[in-house]
Amino acid sequence: MKKVVISSLISVILGLLVNVSLAADKDNLNKSGSKELAWELAPAKTFEALETIAQRRSPLDALSLDAKKRFVESVVFTENGVGGFDYRDLELELTATEIYKILSLIGQQHVTPSLKKARVKSESDEIIMFGKGPNTPGGGDFLLDYYCYQRGSCESSKNKACTSNC
Amino acid sequence: MKLIITFFFSLSFSNAVLAYELDCRDSSLSSLDKVERDIGDIIESVRKKNALLPQKEKKVRVSEVLEDYFNKCLRDSLSNEELLKYSNIELSKYYLNVDTIHFYVGSKELAIVLNNIVLEQVRRKGVETNRAKLLTLEGILIQSRMFKDRDELVQIFPQIKFSELEFIDSGNKLNKKRTLNFVDDSNRLMIDSMTLPKGGYVVVVSHPLCHFSQNARGFIRENKNIYGVMGDKSLWLIPNSRRMYVDKVVEANLNEEKLPYVYAYSNDDWSEIDYWGTPAFYFYLNRELMFRFSGWPEEGNKDRLVEGLKKVGLL
């Protein structure tokens with residue numbers, strides 16, 4: 001009888017701890033904002049992970065073979081997130097929705113509306129490019145044709161992007 | 001007959017030499033592919049060299065090195081007469097290569113070549129529907145300040161929604177340092193010129209979409225002494241580039257009236273500025289450059305900012 005009571009008590013305490021922890025996580029996510037959430041949920045947080053994704057069926061297949069290789073090799077992962085990537089082929093070959101899907105892999109989908117030359121064909125393209133939402137670029141911390149070669153500085157660089165994660 | 005010329009390129013530094021050997025390729029397709037790689041190698045070499053230079057040393061400009069490469073290896077192949085001889089693929093490849101060089105150099109000569117290539121492609125009915133390329137060309141013509149050619153481009157392609165920017169010449173050509181200033185926070189930009197004032201002054205090469213520039217401005221705003229000084233004695237200069245982000249710049253200026261951004265009309269007007277990464281701080285005393293530093297990492301760069309302000313008597 002005593003054992004049953006103790007084990008019930010332990011279960012209750014464990015349950016409470018899990019709930020508290022989940023609530024704290026939720027709170028953190030709310031506080032950290034949609035860009036951080038996008039990074040948290042990104043399937044690829046390392047070059048190796050992105051390369052693995054590229055080897056199976058994925059949104060990256062919307063790119064031509066050469067462009068896919070170029071894009072994957074261009075993504076710079078830092079401990080804070082993606083530090084930069086080459087956007088040229090995305091703009092040249094894809095619709096806004098296709099770009100959004102690819103950038104979602106690396107938690108950078110909020111950047112899509114900045115790629116002004118993306119093709120706009122469908123309703124979802126319109127929403128992504130011209131709509132207002134949590135993933136439209138509002139923070140203004142994404143600079144095209146610049147790259148983070150040294151800490152704390154964005155340097156002019158064709159087809160690259162300088163993000164705040166440098 | 002295909003002619004391959006090799007030239008040896010070297011740049012002298014105070015204590016080292018950057019040197020590499022380049023082939024001036026012939027005009028075969030495989031050679032044109034390699035030109036793109038050559039250009040990438042040049043940029044990388046200069047960057048690596050610059051990264052090793054002490055902060056006080058003047059940096060090598062990528063633009064100067066690439067311009068030299070263009071003059072020695074590509075210029076002769078790109079006259080109007082020569083363009084007519086190339087196949088569609090060759091034209092596209094030449095465009096890509098010159099486009100990359102122009103990105104860093106920004107010269108009119110290169111913009112004219114790019115404009116001519118596109119006009120030739122249009123004549124062959126090649127690029128009518130390539131919206132992305134035409135928008136880029138508009139940016140190229142604006143970057144090279146070829147406003148008349150840009151207007152002609154807009155007229156040739158009425159179906160394309162171009163930038164709608166309007167450039168007005170103030171007629172003030174008294175000073176060498178030209179700027180593009182906003183007129184009424186709109187799409188209208190005034191070409192003006194300025195002279196640095198006497199006494200202490202700070203030019204901050206910066207960009208409203210650069211996170212590090214934003215952080216530097218945030219720090220300055222929070223420090224009353226520094227804000228008070230820089231509000232009157234600083235110029236926030238956006239490097240000349242193809243993408244102008246006019247709406248973002250207007251928004252930033254509305255949010256911070258004491259530190260307004262202006263565009264550099266030509267980076268060459270600011271010969272003493274050797275690094276156009278953002279942010280980069282240049283401190284002048286009686287129009288003479290006294291001190292400079294670049295970058296605003298996470299922990300800031302307060303000591304250097306204060307040092308610079310003190311050196312030019314602003315603190």
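On average, how much accessible surface per residue is there in region B:133-243, in Å², for a 1.4 Å probe, leaving out ligands, DNA and RNA?
Heavy-atom accessible area per residue stands at 44 Å².
Which one, B:186, B:208, B:227, projects farthest toward the positive side of the charge dipole computed for region B:184-229 from Cβ point charges (K/R +1, D/E -1)?
Among B:186, B:208, B:227, the one farthest towards the positive end of the dipole of region B:184-229 is B:227.
Among DSSP bridges having both ends in chain B, what percentage is antiparallel? Round to the nearest 5. Walk me through the intermediate numbers first.
Values: 28 of 39 bridges.
Counting DSSP beta bridges with both partners in chain B, the antiparallel share is about 70 percent.
What is the percent carbon and sulfur in the accessible area of region B:102-174, measuring with a 1.4 Å probe over the protein chains and ignoring ligands?
53
Under a point-charge model restricted to the Cβ atoms of Lys and Arg (+1) and Asp and Glu (-1), what is the dipole moment magnitude of region B:150-214 relative to its Cα centre, in debye to the nearest 20?
With only Lys, Arg, Asp and Glu charged at Cβ, the dipole is about 420 debye.
With a 1.4 Å probe and all protein chains left in place, how much accessible area per residue does region B:64-129 have, in Å²? Numbers along the way, then the final one.
Details: 3010 Å² over 66 residues.
With the other protein chains kept in place, region B:64-129 gives 46 Å² per residue.
Where does the charge balance sit around residue B:148 when Lys and Arg score +1, Asp and Glu -1, over other residues with C-beta under 14 Å from its C-beta?
-3
Add +1 for every Lys or Arg and -1 for every Asp or Glu among the other residues with Cβ under 13 Å from the Cβ of residue B:165, and state the total.
Net local charge, residue B:165 excluded: +1.
Between chains B and A, what is the buried accessible area summed over both chains (1.4 Å probe, protein heavy atoms, nearest 100 Å²)?
Buried area between the two chains comes out at roughly 2600 Å².
Once you list every other residue whose beta carbon is under 9 Å from the beta carbon of residue B:135, what net charge do they have if Lys and Arg are +1 and Asp and Glu are -1?
+4
For region A:60-125, rounded, prolate or oblate, judged on the Cα gyration tensor with a ≥ b ≥ c (square roots of eigenvalues), a/c < 1.5 rounded, else prolate if a/b > b/c?
Verdict is oblate for region A:60-125.
For chain B, what class follows from the C-alpha gyration tensor (a ≥ b ≥ c being the square roots of its eigenvalues): rounded when a/c is under 1.5, otherwise prolate if a/b is larger than b/c, else oblate?
oblate
Within the accessible area of region B:190-312, what % is carbon and sulfur when the probe is 1.4 Å and the other protein chains stay in place?
Carbon and sulfur atoms account for 45 percent of the accessible area of region B:190-312.
The values are calculated or read from the model by the stated rules, or taken from the named source; none is laboratory data. Treat the numbers as computed from the prediction; the structure is a model and nothing was measured. Note that we place each Cβ from the backbone using ideal geometry, even for glycine, and neighbour counts take in every protein chain shown. Each accessible area value is taken on the protein alone, full model and side chains, heavy atoms only, with ligands, DNA and RNA left out. Shrake-Rupley method; radii C 1.70, N 1.55, O 1.52, S 1.80 Å.
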